[in-house]
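*Asks:* This structure is in structure tokens; I'll ask about it shortly.
The values are calculated or read from the model by the stated rules, or taken from the named source; none is laboratory data. If you're wondering where the values come from, they're calculated on a predicted model, not measured in any experiment. No Cβ is skipped: glycine too gets one built from the backbone with ideal geometry, and neighbour counts run over all protein chains shown.
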Amino acid sequence: MDTSPPEPQLTTLYQELILDHYRRPRNKGTLEQATHTVSLNNPLCGDEIDLQLRVDGDVIKDARFIGRGCSISQAAASMMTQLLKDKSIPQALALADRMSAMMHGDLSAARDKSLGDLRALAGVSKFPVRIKCALLPWNALTDAVKT
Ligand code: ZN
């Protein structure tokens, strides 16, 4: 009989999801015909993200990344690129705001289904030095579409 409380199970599930994205990153590689590229790094942790977008009008048609670093930064990039396809620039920036809110402890953002797998990273908000890891790909996105 399983009497353990649900929260640690959820945490384990989330850790597995993060590791799954880290080991089998989605949308990793070079994007042909990229219209926007931004490279950012996080010197605190040694994370690097090279984000490439193909934007048509104001819609993100495709997103890929090349990167290296810790599991949190690379999983966040993988999860983010999954969400971005066919989103408009304003929708993508709204997601970036929700992600930032979640990483700063906003519990309503952590329950927001629009963040998809990224909700697995909500627990990272308790580790201030790692918040930059989780937000690195989102900062690259914001830089890419604002220029
Ligand atoms: Zn990191």
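*Asks:* Pick out the one residue from Val129, Val145 that is β-branched (Val, Ile, Thr) and more than 16 Å from the ligand (Cβ to nearest atom).
*Replies:* So the residue among Val129, Val145 that is β-branched (Val, Ile, Thr) and more than 16 Å from the ligand (Cβ to nearest atom) is Val145.
*Asks:* Return the total of residues in the range 68-96 being of a type outside the set (D, E, K, R) and within 16 Å of the ligand (Cβ to nearest atom).
*Replies:* 12
*Asks:* Within the group Met103, Met80, which residue is of a type outside the set (Phe, Trp, Tyr), touching a Pro at 6+ places or on another chain (Cβ under 6 Å) and surrounded by 12 or more Cβ atoms within 10 Å (Cβ to Cβ)?
*Replies:* Answer to the check: Met80.
*Asks:* Out of the range 92-147, which residues are part of a helix (DSSP H, G or I) and on the phi > 0 side of the Ramachandran plot?
*Replies:* Gly116
*Asks:* Quick check on my filter: what residues within the range 29-45 are in contact with a helix residue (DSSP H, G or I) (Cβ under 9 Å, 6 or more places away or on another chain) and closer than 20 Å to Lys132 by Cα?
*Replies:* Within the range 29-45, Thr37, Val38, Ser39, Leu40, Asn41, Asn42, Leu44, Cys45 meet the criteria.
*Asks:* In the range 39-67, how many are assigned to a strand (DSSP E or B), surrounded by fewer than 17 Cβ atoms within 10 Å (Cβ to Cβ) and within 16 Å of the ligand (Cβ to nearest atom)?
*Replies:* Adding up the residues that qualify gives 1.
*Asks:* For Arg119, only one of the following conditions fails: (1) more than 21 Å from Asp47 (Cα to Cα); (2) within 12 Å of the chain's Cα centre (by Cα); (3) surrounded by fewer than 23 Cβ atoms within 10 Å (Cβ to Cβ); (4) not hydroxyl-bearing (Ser, Thr, Tyr). What is its number?
*Replies:* Here Arg119 clears every test but (1).
*Asks:* Take Asp50 and tell me if it is touching a Lys or Arg at 6+ places or on another chain (Cβ under 8 Å) and acidic (Asp, Glu).
*Replies:* In short, no.
*Asks:* Can you tell me which residue in the range 122-147 is nearest to Val55 (Cα to Cα), limited to those that are more than 13 Å from the chain's Cα centre (by Cα) and at pLDDT 95 or above?
*Replies:* Ala144
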